[in-house]
Amino acid sequence: MVRTEPNAADRRLIQLTAARGLELSPYQLERWRTAGLIPRPGPDTLVQVGSAKVYPSETAALVAGLLVCAPLCRTNEDLALLAFFNEIPVPSGPVRVALLKNYFPQYSKIRKRENEALQRIPAEHREQDRPWYDWAEAAAAVDMENKAAVRQM
């Protein structure tokens, strides 16, 4: 839910998409920002045009592409993949996450469990050796949870 009124750059983006016949809501804009599909407004993401700061044309094209794909998608992950496969310049982070969740769910679950095991390592013992050692220790802890495989070994 959008808690504040859209800023001037967002209002301009909404106007640009409306001129193309596409409807963009501030709520949708914020959801896509949270998902990492579009950049947050800031000094490195806005350009100066006259006295106003607005999004560059690339961001407007990205939002228009997302709006075209959005009606066909249930989740932001679906939207990231559909946009990517339609050659819309979506940031790579959300696409990687969507690919991982949709096409490699087992890897995603194992990686999550390994990350939880890594967090259980006391802070004073973390990074005493190289970072790969901590991940190896976490992976071993996850492997040891599989009692049937341990008995078989």
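The values are calculated or read from the model by the stated rules, or taken from the named source; none is laboratory data. The structure displayed is predicted, hence computed values, not measured ones. Here the Cβ positions follow ideal geometry from the backbone for every residue, glycine too, while neighbour counts run over all protein chains shown. What goes into the accessible areas is simple: the full protein's heavy atoms, side chains included, and nothing from ligands, DNA or RNA. Shrake-Rupley method; radii C 1.70, N 1.55, O 1.52, S 1.80 Å.
Side notes on the structure shown:
- Number of positions in the range 86-101 that are open to solvent by less than 60 Å² (accessible area, probe 1.4 Å) and either aliphatic (A, V, I, L, M) or part of a helix (DSSP H, G or I) (or both): 8
- All told, Ala18 meets the bar of being in contact with a Leu (Cβ under 8 Å, 6 or more places away or on another chain), outside the structural domain of Ala138 (by the TED database), farther than 30 Å from Ala138 by Cα and free of Cβ contacts under 8 Å to residues at least 12 places away in the same chain.
- Candidate set: the range 40-70, residues that are under 19 Å from Pro26 (Cβ atoms) and in contact with a strand residue (DSSP E or B) (Cβ under 9 Å, 6 or more places away or on another chain); chosen: the one surrounded by the most Cβ atoms within 10 Å (Cβ to Cβ): Tyr55
- Failed item, numbered, when Arg31 is tested on (1) modelled with pLDDT under 90; (2) open to solvent by 40 Å² or more (accessible area, probe 1.4 Å): (1)
- The range 71-85: number of residues that are aliphatic (A, V, I, L, M) and open to solvent by 20 Å² or more (accessible area, probe 1.4 Å): 2
- Each residue in the range 1-53 was checked for being of a type in the set (S, T, N, Q), part of a helix (DSSP H, G or I) and closer than 19 Å to Ile88 by Cβ, and 3 of them qualify.
- Of residues in the range 71-127 being more than 15 Å from the chain's Cα centre (by Cα) and among the polar types (S, T, N, Q), the one farthest from Ala61 (Cα to Cα): Gln119
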